[in-house]
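A quick write-up on the structure given underneath.
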Amino acid sequence: LYADLGGGPASADPLAALSGFLRALGAPARDVGTLGEDAARFRSLTAGRALLVVLDNAADAAQVRWLLPAGPGSAVLITSRRVLTTITSVESIAVPVLPDADANRLLARVTGWDDRTVNTAKLTLSGQFTFLAHRVGPPQ
């Protein structure tokens, strides 16, 4: 399951992400419940499953907490610009910025661009990592 959580002041509502997760898990369509109701429904549906949940660009721990599955065999990958210290039972891994040469090779490999185009794109993008995430594409 994948959700782009927006990560900033205009971050996504966890209820919208839950709604998408519930549909993906085959839950029957119904009126949207409260955040607590839909989170409980999500935990019930995930209790017996092994899932990978990707929560991309999380704004804070409060946003993420509602989206954690209940299954003991599940894993959650959370990306965030902030360290989410209040989520328990997690391993936090800081991913440093790639050195320029490595970033250039990665961008060229993903896009098929030559060195000149890569350098022009890097200036235009000004470090917007989301370009690569969208270019590679979120899991379907």
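The values are calculated or read from the model by the stated rules, or taken from the named source; none is laboratory data. Treat the numbers as computed from the prediction; the structure is a model and nothing was measured. Note: ideal-geometry Cβ built from the backbone for every residue, glycine included; neighbour counts use all protein chains shown. What goes into the accessible areas is simple: the full protein's heavy atoms, side chains included, and nothing from ligands, DNA or RNA. Shrake-Rupley method; radii C 1.70, N 1.55, O 1.52, S 1.80 Å.
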task: Quick one: which residue in G33, G7 is out of contact with any Phe, Trp or Tyr (no Cβ under 9 Å at 6 or more places or on another chain) and at positive phi?
output: G7
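Within the range 56-92, can you find the residues that are of a type in the set (S, T, Y) and either surrounded by 15 or more Cβ atoms within 10 Å (Cβ to Cβ) or in contact with a Leu (Cβ under 6 Å, 6 or more places away or on another chain) (or both)?
Answer for the range 56-92, where residues must be of a type in the set (S, T, Y) and either surrounded by 15 or more Cβ atoms within 10 Å (Cβ to Cβ) or in contact with a Leu (Cβ under 6 Å, 6 or more places away or on another chain) (or both): S74, T79, S80.
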Which numbered condition R43 fails, given (1) out of contact with any Ser or Thr (no Cβ under 9 Å at 6 or more places or on another chain); (2) assigned to a loop (DSSP other than H, G, I, E, B): (2)
- request: Would you check which residues across the range 99-117 are acidic (D, E) and in a loop (DSSP other than H, G, I, E, B) and list them?
  value: D114
task: Hey, can you tell me all the residues within the range 20-55 that are closer than 23 Å to T79 by Cβ and open to solvent by less than 30 Å² (accessible area, probe 1.4 Å)?
output: G20, F21, L22, L25, D38, A39, F42, T46, V53, V54, L55
message: Pairs please, first residue from the range 20-32 and in contact (Cβ under 8 Å) with a residue 40 or more places away in the chain, second anywhere and outside any helix (DSSP H, G or I), Cβ atoms under 7 Å, 6+ apart in sequence or on different chains.
response: F21/L1
- line: Note: among P96, P69, just one is within 25 Å of L1 (Cβ to Cβ) and either outside any helix (DSSP H, G or I) or touching a Cys at 6+ places or on another chain (Cβ under 9 Å) (or both), namely P69
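So is T111 among the β-branched types (V, I, T), open to solvent by 60 Å² or more (accessible area, probe 1.4 Å) and touching a residue at least 12 places away in the same chain (Cβ under 8 Å) or not?
When the stated conditions are applied, T111 does not pass them.
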task: Answer yes or no as to whether A58 is within 18 Å of D13 (Cα to Cα), under 18 Å from the mean Cα position of the chain (by Cα) and not aromatic (F, W, Y).
output: yes
task: Go through the range 1-19 residue by residue and tally those that are hydrophobic (A, V, I, L, M, F, W, C) and surrounded by fewer than 16 Cβ atoms within 10 Å (Cβ to Cβ).
output: 2
